[in-house]
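I have placed the structure first, in the form of structure tokens, so that the comments after it can refer back to it.
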Amino acid sequence: MTVFFSHTSVKQFVAVHLFEVGYLGVLAVLPFLVAKPLVGLSILAVLAFLSLSAIWRMLTFRCVPNLETRSVLITGCDTGFGHALAKRMASVGVTVYAGCLNPEGEGAKLLNKASSSENIHIIPLDVTSEESVMNAIDVVKKKTKDEGLWSLVNNAGVSCLVDVEFCSMDMYKNVTDVNLLGTVRVTKACLPLIRKGQGRVINVTSAAICYPYQSAHAMTKAGCDAFSNSLRREMHKFGVRVITVEPGNFYGATGFLNKSTMTGLEKEQELVWEKARPEVKATYGENYFTGVQQSLSSFAGTSCNSLGPVVDTLEEAIVSTRPGSRYLVDGSSLLFDVHNVLLRLGWLIPQQCVDYILEREFSSSQSPLLKTKKTS
């Protein structure tokens, strides 16, 4: 039976991580070793510890027995991580209840056509609707009977990519209702089934780097992280695990930032521009969003082009006998995920440096501030 790490041998895994540590060590430590040896050695120690921890987790991995008797409910299976995970878990024999916002849509149809579709049950699921959630849980309860539910994966999520001054309260409420309250709503409904199966709740959040233009997305995912921490401590007495998976730069692979969504983003930005207050328009200038789109397109170009690393991690969280409480998954098409490196080294790097890096990367070429600097 194919399970986690089926695509990567132990030797390959070890080699990749050793290479990453060596490369990052050279980049991060050399300047400090020359200027401040103590700081450089501290950074090197942190990198070595993270790498060795990952290797140890790989070498000590054990799969839960009898996967064919386990069941998992996954939200947001229409596209992205949820869709890919549903196929993966069904292929290893797990019974998958795939929550789809549009059960008649293309995503659901593709799941029904999958080679392991006999293990996939499509369930209509709108995480913003109490009625829809309870109907979905009733279906799962009837099918699982006395076995309970082994795993819940809260994956459904949305985003809006505009500055705070352009983001309406309705937009904030919509993102919050899906990303944060949707996670809480589905989790509360599933907990009795999870307790019965002594299973686990897995919440897909996001790398906590807080990019510009993503305040709504960032704050709701941070809320999910806080919710997960509290829930994990509450559920420990019941033998239930609560796990957080934080994907890095996978925005292109998930479809959050690709050619089709960039077209939709342009229309969304036109609408928020029309609704913006006159003083806000005067401050930013009518060409501001053109620069924003250019910076987001550039960022999307550095996205990991595969969902595989996140799906592998989610599979480990589901099938491992000793899963971690938190996984930060590196994305990016570059040699390494720069933003995740910043997170891991955050306590060593002044916040002003992180702010500077992100402001430079995401700044609009049409920013009124940049124009002022150029003309002065």
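Structural remarks
- Solvent exposure of the stretch 60-170, expressed per residue, is 44 Å² of accessible area, with all protein chains present and a 1.4 angstrom probe.
- Segment Lys143-Met262, extension gain: residue separation times 0.36 nm, minus the distance between their alpha carbons: 38.8 nm
- Integer Hz, Karplus 6.51/-1.76/1.60 couplings in order for the stretch 226-241, x for Gly and Pro: 5, 4, 5, 4, 5, 5, 4, 6, 6, 8, 4, 5, 9, x, 9, 9
- Cα gyration tensor of the stretch 113-223 - equivalent ellipsoid semi-axes, whole Å, descending: 30, 14, 14
- What the phi angles of the stretch 196-205 give under the Karplus curve with 6.51, -1.76 and 1.60, with θ = phi - 60°, is a coupling list of 4, x, 6, x, 8, 10, 10, 10, 8, 9 Hz, glycine and proline written as x.
- 3J(HN,Hα) couplings calculated from phi for the stretch 345-356 with the Karplus curve 6.51 cos²θ - 1.76 cosθ + 1.60 (θ = phi - 60°) are, in sequence order, 9, x, 6, 9, 10, x, 4, 4, 5, 4, 4, 4 Hz; Gly and Pro show x.
- Nearest-10 value in Å² for the accessible area of Ile357, using the 1.4 Å probe: 70 Å²
- Going by accessible surface with a 1.4 Å probe and the largest first, Lys145, Lys196, Lys281, Lys221 read Lys145, Lys196, Lys281, Lys221.
- Convex hull of Cα atoms in the stretch 161-285, direction-averaged projection (nm²): 8.9 nm²
- When the solvent-accessible area of the stretch 198-301 is split by element, carbon and sulfur atoms take up 53 percent of it, the probe being 1.4 Å.
- Taking N as the residue count of the stretch 87-140, its C-alpha radius of gyration divided by 2.2 N^0.38 Å amounts to 1.13.
- Leu358 - accessible surface, heavy atoms, 1.4 Å probe, Å² rounded to 10: 10 Å²
The values are calculated or read from the model by the stated rules, or taken from the named source; none is laboratory data. On a predicted model such as this, the values are computed, not experimentally measured, just so you know. Surface areas here come from the heavy atoms of the whole protein model, side chains and all, with no ligands, DNA or RNA. Shrake-Rupley method; radii C 1.70, N 1.55, O 1.52, S 1.80 Å.
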